[in-house]
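Note sheet for the following structure.
The values are calculated or read from the model by the stated rules, or taken from the named source; none is laboratory data. It should be emphasised that the depicted structure is a prediction, and the values quoted were computed from it without experimental measurement. Glycine also receives a Cβ, built like all others from the backbone with ideal geometry; neighbour counts cover every protein chain displayed. Heavy atoms of the whole protein, side chains included, go into the accessibility calculation; ligands, DNA and RNA do not. Shrake-Rupley method; radii C 1.70, N 1.55, O 1.52, S 1.80 Å.
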Amino acid sequence: MEVLKKYKYSLCVLILAFLFNEFVYYLARYINLNRMHYNLTLSFDNEIPVMPWTTILYFGCFLFWTTNYFICSRQSRKNSDIFFCSDFLSKIICFFLFIILPSTNIRPLIQPGTIWNQILLFLYKIDMPDNLFPSIHCLVSWLCWIGLRNQKQIKTGYKIFSFLMAIAICICTLTTKQHVIVDVIAAVGLAEVSYLISKKCYRYYSKFIHYFFHI
């Protein structure tokens, strides 16, 4: 019980963030089910090679996200609320962008030769090419960097790691052909803008959390 009490805030905001992400993603997919989807691929995207082995980053990012979101939840209440407010706000904006501009792309033909090719084909099988603009993979990864970069209690080495990891995940969304460059740029821009706005309006998020979870 003492452990639950100690981590009550962290557990609440982490679970809420996860559930809201799933709600936004799958509701948008359902709404757009029979709508026309737009391919935002540019000529630049066609020059980027397919690198199946980078699926290790695409799947491995979930551990990165979990770790950094937990770290952000353990910061001061103000900094934590700003971070999770930006996550909440960015997902709301994502939802409207998914609805306003349903997007898709054309995936390359992959031969099931190597283990990495098979893993990439598995990724294509479980993840449909929709809800691409902006990339939630890139958005969440960049938020993981934003949430730590100005925190003095976080070691410089881990800040550098988080920055490089966010960059690597953005790149892997392109080399796995899960996203195109405009998806990545939009995601990074949205993360930065959402965080700036949240610095001004995080108190509304704080009141929401306090009202529903009494923390």
Where the second residue is modelled with pLDDT of 95 or more and among the hydrophobic types (A, V, I, L, M, F, W, C) and the first is closer than 19 Å to ASP87 by Cβ and open to solvent by less than 40 Å² (accessible area, probe 1.4 Å) and lies in the range 1-24, which pairs have Cβ atoms under 7 Å and are six or more apart or on separate chains? SER10/PHE70; VAL13/PHE84; ALA17/PHE84; VAL24/CYS94; VAL24/PHE95
What are the pairs, 6+ residues apart or on separate chains, where a residue within the range 81-103 that is within 17 Å of LEU19 (Cβ to Cβ) has its Cβ under 7 Å from a residue that is of a type outside the set (D, E, K, R) and part of a loop (DSSP other than H, G, I, E, B)? CYS94/PRO134
Quick check: anything in the range 84-92 at pLDDT 95 or above and open to solvent by 50 Å² or more (accessible area, probe 1.4 Å)? yes
Just the residues that are in contact with a helix residue (DSSP H, G or I) (Cβ under 7 Å, 6 or more places away or on another chain) and assigned to a helix (DSSP H, G or I), please, taken from the range 113-130. TRP116, ASN117, ILE119, LEU120, LEU123
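Regarding the range 151-160, can at least one residue be identified that is under 17 Å from the mean Cα position of the chain (by Cα) and among the aromatic types (Phe, Trp, Tyr)?
The answer is no; no qualifying residue exists.
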Pick out, from the range 34-104, the helices (runs of 4 or more DSSP H) lying fully within it that include 2 or more residues that are under 19 Å from LEU196 (Cα atoms). 55-73, 77-100
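Scan TYR69, TYR30, TYR58 and give me the residue that is more than 25 Å from LEU101 (Cα to Cα) and not aliphatic (A, V, I, L, M).
From the options TYR69, TYR30, TYR58, the qualifying one is TYR69.
Tell me which residues, restricted to the range 108-130, are in contact (Cβ under 8 Å) with a residue 12 or more places away in the chain, within 23 Å of HIS37 (Cα to Cα) and surrounded by 15 or more Cβ atoms within 10 Å (Cβ to Cβ).
Selection gives ILE110, LEU120, LEU123, TYR124, PRO129, ASP130.
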Residues being polar (S, T, N, Q), farther than 30 Å from ILE146 by Cα and modelled with pLDDT of 95 or more - total across the range 93-122: 2
Filtered residues of the range 34-56 (kept if surrounded by 15 or more Cβ atoms within 10 Å (Cβ to Cβ) and of a type outside the set (A, V, I, L, M, F, W, C)): HIS37, THR41, ASP45, PRO52, THR54, THR55
In the range 131-169, anything part of a loop (DSSP other than H, G, I, E, B) and open to solvent by less than 60 Å² (accessible area, probe 1.4 Å) is listed as ASN131, LEU132, PHE133, PRO134, SER135, GLN151, ILE154
